[in-house]
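Written below as structure tokens is the structure these notes are about.
The values are calculated or read from the model by the stated rules, or taken from the named source; none is laboratory data. Everything quoted here is computed from the prediction, not taken from an experiment. Here the Cβ is made from the backbone with ideal geometry for all residues, glycine too, and neighbour counts use every protein chain on show.
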Amino acid sequence: MNSKHIVFFLVLIISGVMVAKPPKMPKPVKGTWVEPAKPKVIYGNWKWIETNCCGLRNGISNPTSTADSITLVLRKDNTFDEQHTKNNALPRSGNFLLFRDAEHDMVQFNDERPARYTLSASGDTLTISWKYLELQSEKYIRAK
């Protein structure tokens with residue numbers, strides 16, 4: 001084969017690649033629509049169900065073991081109140097900030113250490129965790 005034939009075959013190959021059709025994609029199957037992720041809405045009233053703690057207080061505490069029911073109120077204006085039923089409980093209130101670090105949704109109450117938070121897929125369980133700092137995690141359910 002001479003160089004003219006080689007050039008001719010190269011031109012044919014290149015032009016064939018340039019006009020080649022993309023592969024056919026499968027058609028979507030009816031009823032397989034995937035809903036986009038809903039934004040995390042943590043505002044509202046939350047009832048405390050347990051704290052998993054660390055250090056000297058290692059273990060799980062809950063309303064029964066502490067004789068205290070706690071309601072955490074998170075408002076859209078980024079203020080919060082923590083309301084206790086136990087006598088002499090220290091009230092806690094102020095401002096909170098929601099943000100995202102590299103991989104986690106974070107919440108910071110007043111000037112405290114930030115905590116990671118997760119919301120269940122159904123949006124009815126909120127977990128606030130300082131476990132990455134080797135501290136406690138708290139679990140709440142959405143109040144009705």
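Every listed requirement among (1) surrounded by 12 or more Cβ atoms within 10 Å (Cβ to Cβ); (2) within 20 Å of Lys47 (Cβ to Cβ); (3) not polar (S, T, N, Q) is met by Leu135 save one, (2). Reported count of residues in the stretch 124-144, each being of a type in the set (Phe, Trp, Tyr) and in a strand (DSSP E or B), is 1.
Filtered by the rule that a residue be surrounded by 14 or more Cβ atoms within 10 Å (Cβ to Cβ), at pLDDT 95 or above and outside any strand (DSSP E or B), the stretch 92-123 gives a lone residue, Pro114. Scan the stretch 107-128 and give yes if some residue there is of a type in the set (Asp, Glu), in contact (Cβ under 8 Å) with a residue 40 or more places away in the chain and either more than 24 Å from Ala67 (Cα to Cα) or in contact with a His (Cβ under 6 Å, 6 or more places away or on another chain) (or both), otherwise no. Taking every residue of the stretch 107-128 in turn, none turns out to be of a type in the set (Asp, Glu), in contact (Cβ under 8 Å) with a residue 40 or more places away in the chain and either more than 24 Å from Ala67 (Cα to Cα) or in contact with a His (Cβ under 6 Å, 6 or more places away or on another chain) (or both). Look through the stretch 50-91, keep the residues that are surrounded by fewer than 15 Cβ atoms within 10 Å (Cβ to Cβ), among the β-branched types (Val, Ile, Thr) and assigned to a strand (DSSP E or B), and return whichever of them is modelled with the lowest pLDDT. So the residue we want is Ile60. Of all residues assigned to the stretch 26-40, none qualifies as being at pLDDT 80 or above, among the acidic types (Asp, Glu), assigned to a loop (DSSP other than H, G, I, E, B) and exposed (fewer than 15 other Cβ atoms within 10 Å of the Cβ).
Comparison of Leu126, Leu133 shows that the only residue that is modelled with pLDDT under 95 and of a type in the set (A, V, I, L, M, F, W, C) is Leu133.
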